[in-house]
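Participant: Here it is, the structure in full.
Taken together, the values in this text are just the output of simple stated rules run on the coordinates, not laboratory data. Please read these numbers as outputs of a predicted model, since none were measured by experiment. Neighbour counts run over all protein chains shown; Cβ positions are idealised from the backbone, glycine included.
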């Protein structure tokens, strides 16, 4: 099975690293304390608190492992070609109904559409890649077919 490349900006890498550090130190200690308290409260066989603590510990360790793999495998986002939309580009778009949008093209981990950060794997992000100022693209999105014109690329 082929794995898809994962990309991170410098800010995204810092955010993932700080989240990982917090989970390894603060959250692990909290879960260990919760697990210990649940175990001390009596029989572990029918102890719902103990089961919850074990489940939380498994979820936490899974998230730590995800972040470790992300940071180990992630490639830095570097602008490929000036004048062409690529990972790391900030794109100013207009629609046929005179609405304007500014999107930063980022990797999936950093995507947050409400903040204007769209993934290179999203329909709009994927359609924009490789295009230049003045290009019109037509994208099929969950909200319907959209038409965008690229006004500016930074």
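Participant: Of 150, 138, how do they rank once you tally other Cβ atoms within 10 Å and put the fewest first?
Facilitator: Fewest-to-most ranking of 150, 138: 138, 150.
Participant: Here's a follow-up. Going by how many other Cβ atoms sit within 10 Å of their own, how do 50, 34 line up, fewest first?
Facilitator: In order of increasing Cβ crowding within 10 Å: 34, 50.
Participant: I would also like to ask the following. Per 0.36 nm of contour for each residue apart, how much would the distance between residue 145 and residue 17 grow if the chain were fully extended, relative to their Cα-Cα spacing?
Facilitator: Going from the current span to full extension adds 42.3 nm.
Participant: Which entry is the computed Rg and Dmax of the Cα atoms in Å for this structure: (1) 14.5, 43; (2) 21.5, 69; (3) 18.2, 58?
Facilitator: (2)
Participant: Please report 104, 89, 140 as a ranked list, fewest other C-beta atoms within 10 angstrom at the top and most at the bottom.
Facilitator: So the ranking, lowest neighbour count to highest, is 140, 104, 89.
Participant: Is it possible to state the helix-based mean residue ellipticity at 222 nm for the chain, with each DSSP H run of 4+ residues giving -39500 (n - 2.57), the sum divided by total residues, to the nearest 500 deg cm²/dmol? What is it?
Facilitator: -12000 deg cm²/dmol, from helical runs alone.
Participant: Could you give the angle, 0 to 90 degrees to the nearest 10, between helix 28-40's Cα long axis and the longest principal axis of the Cα atoms of the chain?
Facilitator: Long axis of 28-40 versus the principal axis of the chain: about 30 degrees.
Participant: Once both labels are modelled 7 Å past Cα along the beta-carbon direction, what's the residue 95-residue 30 spacing in nm?
Facilitator: Reported label-point gap for residue 95 and residue 30 is 3.9 nm.
Participant: Relative to the longest principal axis of the C-alpha atoms of the chain, give the angle of the C-alpha long axis of helix 10-22, reported between 0 and 90° and rounded to the nearest 10°.
Facilitator: 10 degrees
Participant: Still on this structure: Return a whole-number percent for the relative contact order of the chain, with Cα pairs under 8 Å and 6 or more residues apart as the contact set. All intermediate terms of the calculation are to be shown ahead of the outcome.
Facilitator: Working: 224 pairs, mean separation 34.5, N = 154.
Across the chain, relative contact order equals 22 percent.
Participant: With axes computed from alpha carbons, what is the tilt in degrees of helix 48-73 against the longest principal axis of the chain, rounded to the nearest 10 within 0 to 90?
Facilitator: Helix 48-73 sits roughly 40 degrees off the main axis of the chain.
Participant: Using R₀ = 41 Å, calculate the FRET efficiency as 1/(1 + (r/R₀)^6) where r is the Cβ-Cβ separation of residue 37 and residue 121; round to 0.05.
Facilitator: 0.45
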